[in-house]
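Step one of this worksheet: look at the structure below.
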Number of protein chains: 2
Amino acid sequence: MTIDLRQMRYFVALAETLHFGRAAERLHISQPPLTRQIAALERELGVRLLERNSRHAGLTHAGRRFLEDSRLAMATFEQACRNAQLAERGELGTLTVGFMMHAAHTVLPRLTRQFMNDHPDVHVELREMVPDLLPDAILTGRFDAAVTFDPGAIRGLSTDRIHEEQLCLVAHSSHRLAALPIVRAEQLAGEPLIATPPDVAPTLRDAILRYLRSAGIVPVFRLEAQLQQTIVSLVAENLGVALVPASMGKLGLSGLAFRPLEQAPTVAHVVAWRDGNMNPTLRPFLASAGVPESSASDS
Amino acid sequence: MTIDLRQMRYFVALAETLHFGRAAERLHISQPPLTRQIAALERELGVRLLERNSRHAGLTHAGRRFLEDSRLAMATFEQACRNAQLAERGELGTLTVGFMMHAAHTVLPRLTRQFMNDHPDVHVELREMVPDLLPDAILTGRFDAAVTFDPGAIRGLSTDRIHEEQLCLVAHSSHRLAALPIVRAEQLAGEPLIATPPDVAPTLRDAILRYLRSAGIVPVFRLEAQLQQTIVSLVAENLGVALVPASMGKLGLSGLAFRPLEQAPTVAHVVAWRDGNMNPTLRPFLASAGVPESSASDS
DNA sequence: GCTATCAATACCTTTTCGGTATCATGACGA
DNA sequence: TCGTCATGATACCGAAAAGGTATTGATAGC
């Protein structure tokens, strides 16, 4: 078929006025081209769309049907164009965000709500993952962005700090350390500690190690688990104490004491993304996360 | 926008091959026009659809979105064209059929099933109506066709007989006439009859009158109702006897006796339509009803 | 650095589209 | 009944757009 959207547009105008002259005027063309295009349309369709009585024209049944369908087709076409523009501006599309479980208790909920409010037509896919696997998932393009502990400098990966919190001590309520209003590093000497394995969250593990070593303590790790939630649960069973991000205290588990540390170390959450990720929805997401325009764009 | 379906078609071909030369070949044009049309499309949309690396091209996120939407838009467009052709052939559209209630027990079910089987995309609207109002409803265009007792010759109305049946006597089981295997007109003398009012179904009323008068009987109508079903129900209450189309006996009401009449008069069902009704679904409907092509077309 | 490949550009030809003028037709009024 | 008016169809012309051929430009791989 050589039928054209123009012919469809002409036909709709004609069907709505049922008058070649007035329809042509509305289309900003003269009457003869309109007559010709309609004739061509009818010829190419092989369908009589209008009943002309030389006095006034009326739609045939097929014409009425074609009018409805034409309106739909034109709307669908225009929607396609509009969507392309929205997609390029990052206001329409899909964004896949990986995050470590711990972030579900800190920045992720508000970040997600903020972004989804500002960009209602972006489909967001959230994927939980242990921190050490996130950088690779971003670099291979499986995720567009990630929220995790700072993984340090990685080639091709940009990061921006969006959250920082102190570590605190968590111990069973009956533990001797639970009686202290504030805990000093030296007081942890010889205490069996529960922590994440070194490869799962190196930043967090390192922060704990540095803190203890600066007080001359050689830590004893007898029990390890990947998730902070798991660690806290194990502490609740009195299997040891742990240094965890202060936000874990908000979970409201009973039988536990969260105590501040003197000169407490901090851990940061970052949002991370691949340099050169062209998903247009990424920039708005970074903007919602508070990443400065400069560091978002020079990646 | 001056964006064209052609450009969309070109883009889809290009997006599917990701190669200007091969896409152009598939479109039966040479490569330069394709390059130009795609460039024009991107310019008019204001959206970069392809990432060209001079070695091979890839879709941008917006391009991927536009590809999906373009496929939908093109399909919708083609559907519009196809539908117009189907509508003209009467294979798609809406047919409104009025009918007298009595036809629901005779020809209407099989006629409707036949037509809907043969024309699955035609929407059928059935409207019950008392017989005397049907011709006007057709002439004013509210219905495309009607199934009713023969209304006689009406200007602008064509009819074709599609069903004929004898009248029979219906009486209460305890009635004296119920004992007879066959009933003669003379035996109805003085019997109170239930019938339709003269203006509701003149043909039927006249057939009954002629039958009785030919036997020299002056009928006594003490009770009248519009619907044959109502009449039969009243007979079941022993409020009188009635002459009704034989098909009423199939309803299976208990306590009633249906008896054949000697020299029984017949009543016909016709399908009726307005001369010059241009609804394309009407011809196929008349064909399903068994109306000869000649009488359907010369109207 | 050379070559092969592929998209972009230049330039020309053909097609299509729109504009003006005019014609054909049928309704309406004198 | 004839003239007039309204309206869609045709004829013809100029402008715009599309496609074709030849060529250039850029880059990946040897």
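The values are calculated or read from the model by the stated rules, or taken from the named source; none is laboratory data. Remember, predicted model here, so these are calculated numbers, not experimental data. Positions of Cβ are backbone-derived with ideal geometry, glycine not excepted, and every protein chain shown enters the neighbour counts. SASA here: full protein model, heavy atoms, side chains in, ligands and nucleic acids out. Shrake-Rupley method; radii C 1.70, N 1.55, O 1.52, S 1.80 Å.
Over all orientations, chain A has a Cα convex hull whose mean projected area works out to 23.0 square nanometres. Rolling a 1.4 Å probe across the protein heavy atoms gives chain B an accessible surface of 48 Å² per residue. Mean residue ellipticity, 222 nm, helices only, chain B: the sum of -39500 (n - 2.57) across DSSP H runs of n ≥ 4, divided by residue count and rounded to 500, is -11500 deg cm²/dmol. Normalised Debye scattering of the protein assembly as shown at q = 0.05, 0.10, 0.12 Å⁻¹ gives log10 I(q)/I(0) of -0.52, -0.93, -1.13, counting only Cα atoms as equal scatterers and leaving out solvent. Over region B:5-88, with every protein chain in place, what whole percent of the accessible area is carbon and sulfur at 1.4 Å, could you tell me? Roughly 48 percent of what the probe reaches on region B:5-88 is carbon or sulfur. Within region B:5-88, the percentage of alpha carbon pairs spaced more than 14 angstrom apart rounds to 64%. If R0 is 22 Å, the Cβ-Cβ spacing of residue B:227 and residue B:164 corresponds to a FRET efficiency of close to 0.60. Residue-wise HN-Hα couplings along region B:187-197, as the Karplus relation 6.51 cos²θ - 1.76 cosθ + 1.60 with θ = phi - 60° gives them from phi, are 6, 8, 4, x, 7, x, 10, 9, 7, 6, x Hz; Gly and Pro carry x. Amide H to amide H, with H built 1.01 Å from N, residue B:256 comes under 5 Å of B:173, counting only residues 5 or more places away or on other chains. Calculated FRET efficiency, residue B:189 to residue B:237, Cβ-Cβ distance, R0 = 22 Å: about 0.45 to the nearest 0.05. Remark: spin-label model distance residue A:251-residue B:177 equals 9.2 nm, labels positioned 7 Å along the Cα→Cβ axis.
Using R0 = 45 Å, the C-beta based FRET efficiency linking residue A:82 and residue B:275 works out to 0.40. Here residue A:114 yields copy-to-copy label distances, from shortest upward, of 7.2 nm, the label point defined as 7 Å from Cα along Cα to C-beta.
Between copies, residue A:56 shows label-point distances of 6.1 nm, shortest first, with the point placed 7 angstrom from Cα along Cα to C-beta.
If you wrap the Cα atoms of region B:165-267 in a convex hull and average its projected area over all directions, you get 5.5 nm². About the centre of its Cα atoms, the protein assembly as shown shows a dipole size close to 560 debye [charges on the beta carbon of Lys, Arg (+1) and Asp, Glu (-1) only; nearest 20 debye].
Of all beta bridges that DSSP places with both ends in the protein assembly as shown, some 60 percent have antiparallel geometry. With its label point put 7 Å out from Cα toward Cβ, residue A:25 sits 5.4 nm from the same residue's point in the other copies, in order from shortest.
Taken along its principal axes, the alpha carbon cloud of region A:241-293 reaches lengths of 48, 25, 16 Å, longest axis first. Take every pair of alpha-carbon atoms less than 8 Å apart whose residues are at least six positions apart; their mean separation over the length of chain A yields a relative contact order of 21 percent.
When +1 charges are put on Lys and Arg Cβ atoms and -1 charges on Asp and Glu Cβ atoms, the dipole computed for chain B relative to its Cα centre reaches about 1020 debye.
Neighbouring Cβ atoms from other chains, within 10 Å of the Cβ of residues in B:56-65, number 5 on average.
Annotation: extensible slack from residue B:18 through residue B:117 equals 31.1 nm (criterion: 0.36 nm per residue apart, minus Cα-Cα distance). For peptide A:45-52, the mean count of partner chain Cβ atoms within 10 Å of a residue's Cβ comes to 3. Taking only the alpha carbons of region A:39-158, we obtain Rg and Dmax values of 25.9, 80 Å in that order.
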